[in-house]
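Okay, structure first, notes after.
The values are calculated or read from the model by the stated rules, or taken from the named source; none is laboratory data. Values in this document were obtained by computation on a predicted structure and should not be read as measured data. Here the Cβ positions follow ideal geometry from the backbone for every residue, glycine too, while neighbour counts run over all protein chains shown.
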Amino acid sequence: MYAEVLIEYKVKSLDRTFTYIVPENLRDKIKIGMKVTVSFGMGDSTINGFVVNIKNDVNLGNLKEIISITDEELILNEELLELGKYVRDTTLCTLISAYQTMLPSSLKIKTINSKYQKYECYLKLTMPVDFVRSFIESEAKNQNQKDILNALIENEKVLKSKFSSSSVNTLIKKGIIKEVKELKYRINKENVRVENKVVLMEDQKRCFDEICNHLSEEKTFLLHGVTGSGKTEVYMHLIDVVVASNKCAIMLVPEITLTAQIVNNFYERFGGDVAILHSGLSAGEKYDEYLKIMRGDAHIVVGTRSAIFAPIRNLGIIIIDEEHSESYKQENTPRYNAIDIAKWRSAYHKVPLVLGSATPTYESYARALKGVYTLLTLPKRVNDAKLPKIKIIDMKEEMKKRNVVLSSYLKDKIRDRLEKREQVILLLNRRGYGTLVNCSSCGYTFKCPNCDITLTYHKSTNSLRCHYCGYYTTKPSHCPECKTGELKDFGLGTEKLEQEISSIFPESKVVRMDADTTSKKGAHERIIKDFKEEKYDILLGTQMISKGLDFPKVSLVGVISADSSLNIPDFRSGERTYALLSQVSGRAGRSGLDSEVVIQTFNPDNFTIKMIEMGTFIKNYQYEMSIRKTLKYPPYYYLVGIKICSKIYEDASKEASKVYKYLKDNISTESIILGPTTASVFRVNSVYRFQIVIKYRFDEKLVNALREVDEMYINHKTVYIEVDMNPYYI
Ligand SMILES: [Zn+2]
Ligand SMILES: [Zn+2]
């Protein structure tokens, strides 16, 4: 018996299978999709790989044997093996990196995984119940023994640790009971299921019914519901139906900030039938949750992007909440989009895919209007709650009154909410204290030595930090250039905002949520929980506070500067700004309180800002779409982003021109090639990055040409290439 093994080797030219002999002792156990350990290359070095085929005879001499099976339970099933090829072909990655992405990181570790398994000891009967009953009558020596046996007549198994060990041992010796070890999951929720407490409202019911009518079809629904319209309830009702027919559900949420809130709702409704997968879990927890899914011990998977690969066999529905979120696109290899994977799995299992959002991407919305997706709408908030009033503040006018951070209007509104004991959310999409530090006498500016970017001042640690590469240094007391000049910080980050708010409203309790305050495990959950329990009056933070969070007492949302996202030179910035402002606005007034959103901007006449004021998603969509049509951007054209990277400037520049020429000669003349230009931040981590962008509609030669380009640089000493099909950012 022989096995073809795809080895875990990070060299593209070795992304192929090698044949190994299956030794006698593994023949009964080995299966396609299993992870095995083999020796590879010269000497005794060992490596892991996936068995992708098993056959009985081969015409090769001198083969090595498989050393061991890494984990008998962890198997990539037929579907996932097939899906890996799709990921390889659509993102141009290696097959092995596609397979590795499908398993959580703890399962990629080369050591045996048994160290992640925790066991619990149970007792079970070995004799028929009648025999046991008569044994209790006649022979049982004491009450302890009787208790054990009675418990086992009632239950299939009982925890060993609950009973006296001498009685247990006696009964085992007599051959009446046996000990069994079972895997203990670290996250262990009670197996309860609560009936739906919430009755769906008319609109929700209509959407729910429509999807229910197509539960065994490959079909994509776009659920476009305003913030607070009760999309989560629709999801839960759908999952209820799916699980009742003994099928499974995958539900993706955009980021870990949101998982806590949603997972808690799911635990309350579905108990231990829920498995969770996200980066906030320990390696052991991830391993357990993965096994729960593989063994069918959980029917519902809730997680972030990579949970789309959950090894579910009997899939019944896929739901992607906040489908517009960029977190569904992976930014490093393999650069897949979870929505594409979801579509593939929806087709494979013939089940519906539900994409939900208050602000769908314009690509999705265009597909829905064309009928490629089925559009379902929830135009109203639940319980007759009103959408908040929107007030735009012109900060140019406020600057004349020396209101730099807060306009007098927003200040008054915050004071009003504090008096009413209602809560406030403030969005500022920049972390740190000041965004720029320079010398007031010579003008010296602190820049990252590795990147083309200014350093951000973090006051709490008195440090200057690069948000691209992580470089940091202590802020000196005087200018390093002229030695005497005083250093001043400019710009506004969340840290400075927190300080300003505390000094304007000294009585208020303020909490900040950004990457700096949430780096520790469980920090997100704690901030959200404390704010919900009204331990704080004001929550301020970066975009991580904008999506999905549900706080009944919030009646005011302030956007400190709407301009930071408007000013990003990207064809999606109008779409993204609308989504961000509309999402953060949606945090206000969810329980019916009269609510207001105050948006501060230097561009009150900007089209997107006007549309936010009017609350019209569709007009902003139409406006942006007309621009995209003219400029040939998605969804009218597809995009490919190619980065040519090197630590040596000349090499990057020279090879970028070569790549351009090669593409020009080898892809369709209908496709448009732009560049090479310098990437938006040219140098990151000491690497210079040139960029080429391709716009195309149909190009049969494209994928091959891109593969060729990619392969040309596999063994290049100083230059590497990154190819991103359908990038989120260009
Ligand atoms: Zn100076
Ligand atoms: Zn840097």
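Residues L387, L353: which one is modelled with pLDDT of 95 or more and either of a type outside the set (F, W, Y) or not in a loop (DSSP other than H, G, I, E, B) (or both)?
One residue alone meets the criteria, L353.
Kindly indicate whether any position in the range 672-691 is in contact with an Asp or Glu (Cβ under 6 Å, 6 or more places away or on another chain) and part of a loop (DSSP other than H, G, I, E, B).
No: the range 672-691 contains no residue that is in contact with an Asp or Glu (Cβ under 6 Å, 6 or more places away or on another chain) and part of a loop (DSSP other than H, G, I, E, B).
Return the total of residues in the range 184-213 being assigned to a loop (DSSP other than H, G, I, E, B) and either among the charged types (D, E, K, R) or exposed (fewer than 14 other Cβ atoms within 10 Å of the Cβ) (or both).
Number of matching residues: 15.
Yes/no matrix, rows are residues, columns are (1) within 30 Å of V709 (Cα to Cα); (2) exposed (fewer than 15 other Cβ atoms within 10 Å of the Cβ):
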| site | (1), (2) |
| --- | --- |
| E8 | yes, no |
| R16 | yes, yes |
| I54 | no, no |
| N62 | no, yes |
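Scan the range 465-490 and report the pairs whose first residue is touching a residue at least 24 places away in the same chain (Cβ under 8 Å) and away from ligand 1 (no atom under 16 Å from the Cβ) and whose second residue is β-branched (V, I, T) and part of a loop (DSSP other than H, G, I, E, B), with Cβ atoms within less than 6 Å and a gap of 6+ or a chain change.
Y468/I453
For Y468, all conditions in the list (1) away from ligand 2 (no atom under 16 Å from the Cβ); (2) assigned to a loop (DSSP other than H, G, I, E, B); (3) hydroxyl-bearing (S, T, Y) hold save one; what is the number of the exception?
(1)
Is it true that some residue in the range 398-421 is over 30 Å from A515 (Cβ atoms), away from ligand 1 (no atom under 16 Å from the Cβ), among the polar types (S, T, N, Q) and assigned by TED's automatic domain parsing to the domain that holds M513?
yes
For the range 214-230, what are the residues that are part of a loop (DSSP other than H, G, I, E, B) and closer than 21 Å to P552 by Cα?
V226, T227, G228, S229, G230
Scan K389, K411, K380, K396 and give me the residue that is of a type outside the set (S, T, N, Q), touching a residue at least 40 places away in the same chain (Cβ under 8 Å) and touching a strand residue (DSSP E or B) at 6+ places or on another chain (Cβ under 8 Å).
K389
Please verify whether the range 560-569 includes one or more residues that are closer than 19 Å to R512 by Cβ and either assigned to a helix (DSSP H, G or I) or modelled with pLDDT under 95 (or both).
Yes, there is a match, as at least one residue in the range 560-569 is closer than 19 Å to R512 by Cβ and either assigned to a helix (DSSP H, G or I) or modelled with pLDDT under 95 (or both).
Could you please tell me which pairs satisfy a Cβ distance under 7 Å, a separation of 6+ or placement on different chains, a first residue in the range 173-188 that is at pLDDT below 90, and a second residue that is assigned to a loop (DSSP other than H, G, I, E, B) and β-branched (V, I, T)?
The qualifying pairs are G175/T126; I176/T126.
Suppose we keep only residues that are under 19 Å from K496 (Cβ atoms) and in a loop (DSSP other than H, G, I, E, B) within the range 438-452. Which one would you say is farthest from ligand 1 (Cβ to nearest atom)?
Ranking the candidates gives F446 first.
If you go through the range 532-547 one residue at a time, do you hit one that is within 30 Å of A588 (Cα to Cα), out of contact with any Pro (no Cβ under 9 Å at 6 or more places or on another chain) and within 16 Å of ligand 2 (Cβ to nearest atom)?
Among the residues of the range 532-547, not one is within 30 Å of A588 (Cα to Cα), out of contact with any Pro (no Cβ under 9 Å at 6 or more places or on another chain) and within 16 Å of ligand 2 (Cβ to nearest atom), which makes the answer no.
Given (1) under 18 Å from R313 (Cα atoms); (2) part of a helix (DSSP H, G or I); (3) of a type outside the set (A, V, I, L, M, F, W, C), identify the lone condition not met by G296.
All conditions pass for G296, except number (2).
Report yes if some residue within the range 664-686 is more than 16 Å from ligand 1 (Cβ to nearest atom), farther than 26 Å from T630 by Cα, modelled with pLDDT of 95 or more and aromatic (F, W, Y); otherwise report no.
no
Somewhere in the range 427-437, is a residue among the aliphatic types (A, V, I, L, M) and more than 16 Å from ligand 1 (Cβ to nearest atom)?
Within the range 427-437 (the criterion being among the aliphatic types (A, V, I, L, M) and more than 16 Å from ligand 1 (Cβ to nearest atom)), the answer is yes, since at least one residue qualifies.
Is it the case that the range 485-493 has a residue that's part of a loop (DSSP other than H, G, I, E, B), touching a helix residue (DSSP H, G or I) at 6+ places or on another chain (Cβ under 7 Å) and within 29 Å of I612 (Cα to Cα)?
no
Of all residues in the range 546-559, which are at pLDDT 90 or above, in contact with a Leu (Cβ under 6 Å, 6 or more places away or on another chain) and over 17 Å from V405 (Cβ atoms)?
S555, the sole residue that qualifies.
Here are S39, S45, S68: which of them is of a type in the set (G, A, S), in contact (Cβ under 8 Å) with a residue 40 or more places away in the chain and surrounded by fewer than 17 Cβ atoms within 10 Å (Cβ to Cβ)?
Just one listed residue meets the conditions, S68.
Restricting to the range 44-55, name every residue that is farther than 14 Å from T17 by Cβ, among the small types (G, A, S) and either part of a strand (DSSP E or B) or not assigned by TED's automatic domain parsing to the domain that holds Y20 (or both).
Of everything in the range 44-55, nothing turns out to be farther than 14 Å from T17 by Cβ, among the small types (G, A, S) and either part of a strand (DSSP E or B) or not assigned by TED's automatic domain parsing to the domain that holds Y20 (or both).
Looking for something of a type in the set (D, E, K, R), under 17 Å from D563 (Cβ atoms) and within 16 Å of ligand 2 (Cβ to nearest atom) - is there at least one such residue anywhere in the range 431-438?
Yes, the range 431-438 has at least one match.
Examine the range 56-79 for a residue that is assigned to a strand (DSSP E or B), touching a Leu at 6+ places or on another chain (Cβ under 8 Å) and within 24 Å of P311 (Cα to Cα), and state whether such a residue exists.
Yes, the range 56-79 contains at least one residue that is assigned to a strand (DSSP E or B), touching a Leu at 6+ places or on another chain (Cβ under 8 Å) and within 24 Å of P311 (Cα to Cα).
Restricting the first residue to the range 440-455 and requiring it to be free of Cβ contacts under 8 Å to residues at least 12 places away in the same chain, which pairs with a second residue that is more than 11 Å from ligand 2 (Cβ to nearest atom) meet a Cβ separation below 7 Å and a spacing of at least six or different chains?
Within 7 Å, the pairs are T445/L436; T445/N438.
Mind listing whichever residues of the range 642-665 are in a helix (DSSP H, G or I) and charged (D, E, K, R)?
E650, D651, K654, E655, K658, K661, K664, D665
Pick from the range 494-517 the residues that are crowded, with 22+ Cβ neighbours inside 10 Å and within 20 Å of the chain's Cα centre (by Cα): which of them is modelled with the highest pLDDT?
Among them, the one singled out is M513.
Of everything in the range 595-622, what is among the hydrophobic types (A, V, I, L, M, F, W, C) and assigned to a loop (DSSP other than H, G, I, E, B)? Give them in sequence order.
Answer for the range 595-622, where residues must be among the hydrophobic types (A, V, I, L, M, F, W, C) and assigned to a loop (DSSP other than H, G, I, E, B): just F602.
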